[in-house]
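My questions will all concern the structure given below.
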Amino acid sequence: MERKKAERTRGIYYLFKNGEIVYVGQSVFCEKRIIAHFYNKDFDEYEIKKVEKKCLDKVEIKAIIKYQPKYNKTFPKNKKFIPLKAFLKEKNGKKAYGVKKRLAKIYSEGIKPINLNGMLYYEKEELERININ
């Protein structure tokens, strides 16, 4: 009997249901990651696109923004996006200090939020550029 190793594809994978993209993810071993999704996502097809390691985050985020898949409720953790609600967080029952000023500065700089399934996000890099934290 001849043994074969499982293929290891690094890249972005797309999960489909009835031809619609329902999830976008990335992995250094896409085939294994897709198998894990059988238990928590409803899909009937998948596609893998090989992507260089240094480009994984950028390509994944662009695909999530473009396709707005129903299972991608938020941006992947440790990425460079901050939800708008973080600006509106309450501390000790009081609204965060300077919310109106910070939002006014963001809008005056022409920085537009990214909508992901109804949640608004800002790129941290853009906020840092105008000294908003």
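The values are calculated or read from the model by the stated rules, or taken from the named source; none is laboratory data. These numbers come from a predicted model, not from an experiment. Ideal geometry is used to build each Cβ from the backbone, glycine not excepted, and the neighbour counts take in all protein chains shown.
Pairs only if they're at least six apart or on different chains, beta carbon under 6 angstrom, first in segment 42-67 and within 19 Å of Asn117 (Cβ to Cβ), second at pLDDT below 90; list them, first residue then second.
Ile65/Ile114
Could you tell me whether segment 102-110 includes any residue that is outside any helix (DSSP H, G or I) and at pLDDT 80 or above? Write out each step before concluding.
Just the residues of segment 102-110 that are outside any helix (DSSP H, G or I), to begin with: 109-110.
Next, from what is left, pick out any that are at pLDDT 80 or above: 109-110.
Within segment 102-110, one or more residues are outside any helix (DSSP H, G or I) and at pLDDT 80 or above.
Another question, then. Quick one: in segment 13-33, which of the residues that are at pLDDT below 95 and over 18 Å from Ile65 (Cβ atoms) is surrounded by the most Cβ atoms within 10 Å (Cβ to Cβ)?
Cys30
Can you name every residue in segment 9-45 that is assigned to a strand (DSSP E or B) and hydrophobic (A, V, I, L, M, F, W, C)? Can you show your working first?
Let us first name the residues in segment 9-45 that are assigned to a strand (DSSP E or B), namely 11-17, 20-27, 45.
Hits for segment 9-45 are Ile12, Leu15, Phe16, Ile21, Val22, Val24.
Would you confirm whether or not segment 72-93 contains a residue that is modelled with pLDDT of 85 or more, under 16 Å from Gln26 (Cα atoms) and not small (Gly, Ala, Ser)?
For segment 72-93, residues modelled with pLDDT of 85 or more, under 16 Å from Gln26 (Cα atoms) and not small (Gly, Ala, Ser): present.
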